[in-house]
There are 2 protein chains.
Amino acid sequence: MLTQEELSAARKRAAAALAEAGIVLTSAEREAIEVADFGLSRLDEIGLELVVYVNTDLVCAKELVLFPGQTCPEHRHPPAGGSPGKEETFRCRRGVVYLYTEGDPAPNPACRPPDPESGAFTVWHEIELRPGDQHTIPPNTLHWFRAGSEGAVVSEFSTTSTDELDVFTDPRIARETVVRDS
Amino acid sequence: MLTQEELSAARKRAAAALAEAGIVLTSAEREAIEVADFGLSRLDEIGLELVVYVNTDLVCAKELVLFPGQTCPEHRHPPAGGSPGKEETFRCRRGVVYLYTEGDPAPNPACRPPDPESGAFTVWHEIELRPGDQHTIPPNTLHWFRAGSEGAVVSEFSTTSTDELDVFTDPRIARETVVRDS
């Protein structure tokens, strides 16, 4: 849950990060930046800011903003409606992102999850993305990611986005952010 | 046809335009920038420079660079292999792009085609794209586009790209660029 003030402040911070990365938004896009707290009310630690450019029946493109040290929690995009699930490519534009996915676990991962005891972070194959680096995540593959100390801007190129179908490892998570008046 | 020197110079120009737009490329990407002269050997007038970030069986993402006044000639992406044809979204990042597509013709279009007498430019519905503006072109729809006097950088988000299947209105066009030694 976020207050209107928290939502507004996060949108401004995300818009500033995108502007610093040289990304031009329309004023309507700036005012509609999606702020996801995943229902945990700890936005600075666990959250994600998004601009959805396009999301057709075939293709989706977004910019993702992570505040310094902010984590997008572990999830996968399951098969649905005849699709094998969302395939997504992350391309780092600014800052550093540590992406964790299925595969050989890193012996000394760069990140610790926000809740080490929660059991909500189970994949530890580490991919470090710096500006110009990118990685494609196959459908239905567990992943989570965290920004370095300067935050990050990441472009996402994918098949259709159906966020409401995402499966999170942490059962406490609700994908839709609830905003209260004050 | 381009000489190696022309190819190299165009790659440097395109890389500079992308850097000015704040877009970070790896050195391998800079050295592999695609330069398309469409077989017409008039690159400054009719051509396109491309960086392909990803092109899977489902999704493609590219950056397009247009030099000042450069035109990408009229074409469509026809149905193929069970797909309705490539759906593509253009998002302007820098400069101005005039996109012409099927629909009501503009009474006073901003652009004249490079060869007004060629019959190779037949669609005149005009969409002006400035930084932050975008437009989605449905599959199998004729379109061409031209940069304003400062050139342009455009992100393209699409389904799979199969450039070799593109159908150009101008029968002289060959999509693949031939490079000769000198």
Accessible surface of B:F38 in the full protein assembly, 1.4 angstrom probe, to the nearest 10 Å²? 0 Å²
Signed unit charges on C-beta, dipole axis of the stretch A:31-182, positive-most listed residue A:H143, A:H75, A:S41: A:H143
If you average the alpha carbon positions of the stretch A:43-93 and of the stretch A:26-41, how far apart do those two centres end up, in angstrom? 13 Å
Apply the Karplus parameterisation 6.51 cos²θ - 1.76 cosθ + 1.60, with θ equal to phi minus 60°, to every residue of the stretch B:163-177 and state each ³J(HN,Hα) to the nearest whole Hz, in sequence, with x for glycine and proline. 3, 5, 8, 4, 10, 9, 5, 7, x, 7, 6, 10, 5, 7, 7
Is the shape of the stretch B:34-182 best called rounded, prolate or oblate, per the rule: a/c under 1.5 gives rounded, else a/b larger than b/c gives prolate, else oblate, with a ≥ b ≥ c the square roots of the Cα gyration tensor eigenvalues? rounded
Ranking by accessible area, most exposed first, for B:R130, B:R175 with a 1.4 Å probe: B:R130, B:R175
How much solvent-accessible surface does B:H135 expose, in Å² to the nearest 10, with a 1.4 Å probe and all protein chains in place? 60 Å²
Cα-only radius of gyration and Dmax that characterise the protein assembly as shown, units Å: 21.6, 72
Inter-copy label distances at B:G103, 7 Å along the Cα→beta-carbon direction, one decimal in nm, shortest first? 4.1
Would you mind telling me the antiparallel percentage of the DSSP bridges in the stretch A:30-134, rounded to 5? 95 percent
For the axis mapping B onto A, the chain B residue whose beta carbon sits nearest, plus its rounded distance in angstrom, comes out as B:G22, 1
Pseudo-label separations to other copies for B:L165 - Cα-to-Cβ vector, 7 Å, nm: 2.3
What is the set of long-range amide H partners of B:T3 at a cut-off below 5 Å, with H atoms built 1.01 Å from backbone N? B:R180
Residues of B:17-23, mean number of Cβ from any other protein chain within 10 Å of their own Cβ, rounded to a whole number? 3
Once normalised by the length of chain A, the mean sequence separation of its alpha carbon contacts under 8 Å that are 6 or more apart gives a contact order in percent of 32 percent
Let me spell out the model: positive unit charges on the Cβ of Lys and Arg, negative unit charges on the Cβ of Asp and Glu, origin at the Cα centre of the stretch A:100-182. What dipole size does that give, in debye rounded to 20? 120 debye
Quickly work out the B:E5-to-B:A110 label distance, labels modelled 7 Å from Cα along the C-beta direction, and quote it in nm with one decimal. 3.5 nm
For B:Q70, net neighbour charge (Lys/Arg +1, Asp/Glu -1) across residues whose Cβ lies under 12 Å away: -2
A correct Karplus calculation of ³J(HN,Hα) over the stretch B:65-70, with 6.51 cos²θ - 1.76 cosθ + 1.60, θ = phi - 60°, whole Hz and x for Gly and Pro, returns 10, 10, 6, x, x, 6
Suppose you put the label 7 Å out from Cα in the Cβ direction; list, shortest first and in nm with one decimal, how far A:P116 is from each other copy's label. 7.3
Neighbourhood charge, 14 Å Cβ-Cβ cut-off, centred on B:S118 and excluding it, Lys, Arg +1 and Asp, Glu -1: -2
Per-residue HN-Hα couplings for the stretch B:97-109 [Karplus 6.51, -1.76, 1.60; θ = phi - 60°; Hz; x = Gly/Pro]: 10, 9, 9, 10, 8, 5, x, 4, x, 5, x, 10, x
Along the charge dipole of the stretch A:58-182, which of A:L129, A:Y100, A:A174 sits closest to the positive end, that is, farthest toward it, with unit charges on the beta carbon of Lys, Arg, Asp and Glu (+1, +1, -1, -1)? A:L129
Spin-label model distance (nm) - A:L165 vs A:A16, 7 Å beyond Cα toward Cβ: 3.8 nm
Could you size up the charge dipole of the stretch B:1-42 around its Cα centre, putting +1 on the beta carbon of Lys and Arg and -1 on that of Asp and Glu, and report it in debye to the nearest 20? 80 debye
Cβ neighbours within 10 Å from other chains - mean over B:51-60: 5
Computed E for A:E31/B:R42 - FRET, C-beta separation, R0 45 angstrom, nearest 0.05: 0.55
Place a +1 charge on the Cβ of each Lys and Arg in the protein assembly as shown and a -1 charge on the Cβ of each Asp and Glu, then give the dipole magnitude about the Cα centre in debye, rounded to the nearest 20. 460 debye
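The values are calculated or read from the model by the stated rules, or taken from the named source; none is laboratory data. Note that this is a predicted model, so its numbers are computed, not measured. Note that each Cβ is placed from the backbone with ideal geometry, even for glycine, and that neighbours are counted across all protein chains shown. Only protein heavy atoms, including side chains, enter the accessible area calculation; ligands, DNA and RNA are left aside. Shrake-Rupley method; radii C 1.70, N 1.55, O 1.52, S 1.80 Å.
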